[in-house]
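Here the structure is laid out as structure tokens; the discussion comes afterwards.
The values are calculated or read from the model by the stated rules, or taken from the named source; none is laboratory data. From a predicted model like this one, the values you see are computed outputs, not experimental measurements. All Cβ positions, even for glycine, are placed from backbone atoms using ideal geometry, and neighbour counts span all protein chains on display. SASA here: full protein model, heavy atoms, side chains in, ligands and nucleic acids out. Shrake-Rupley method; radii C 1.70, N 1.55, O 1.52, S 1.80 Å.
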Amino acid sequence: MLKTLLAFASGGLLGDVFLHLLPHALEQGGGHSHQHDGAHDHTQSTITGLLILLGMFIFFMLEKLAVLKNGHGHSHSGNKDHEQSSDQSRKRVSAILNIIADATHNFTDGMAIAASFMVSQKIGMITTIAVLFHEIPHEIGDLALLVQGGFSKTQVIFIQFLTAFGALAGTLFGIVASDLDASSSWMLPITAGGFVYIATVDVLPELFEETNLKQTVCEILALLVGVGMMVVIALIE
């Protein structure tokens, strides 16, 4: 069951990146260009791509440093207990990285809500509802990653509650900030890079361990459902 939820989380993360975060980042990066030669758009797209890679690199370095700090960087002892401890430690680090990325993502959602209410109350309400539906598959995926990381039910609830404050902080920031696009144009691609790293490096490899045909079919379906929910949400937005 946990692996099925992890597959769903991976589909949700990748769907969120390629159907929500990246289109918004590219739109904001090139949205103010009025040049006819397209040079400015190309430069902005390159910068967005570099920020995505930066996000992946940041999360790689954070996980690498955390693993090294825990003393599991270079083990040749062959001790089974030690290997299991190392694996669990890495899963916990992955869950923590996802918390950071999710909080940042919620912050940008809060900024979007603030900006939409500045346009009109109707647009603000529509954006808020869209964000709420958008978060449902995300929170389910977060639950699976936190459980896999060894967090208790109480800790999971508390962590989810804390990351939700990212949206509130983003909304408050959006109310007082003068240029929301300037802030979110670099936050969105870095967050996207973090989600790509978590999904491809930390989550998907887990699905290849101790698998069978029935489990594989369930995981593929769960992954497609995760992506499919993001497709529906993207179309609604």
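Please find the FRET efficiency linking SER152 to THR46, where r is the Cβ-Cβ separation and R0 is fixed at 35 Å, and quote it to the nearest 0.05.
After rounding to 0.05, the efficiency reads 0.20.
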Checklist line | Quotient of C-alpha Rg and 2.2 N^0.38 Å, computed over the range 93-206 | finding: 1.11
Checklist line | Protein accessible area in the range 96-237, 1.4 Å probe - carbon and sulfur % | finding: 77 percent
Next item on the list: May I ask you to give the solvent-accessible area per residue for the range 194-237, in square angstrom, as obtained with a 1.4 angstrom probe?
Entry: 57 Å²
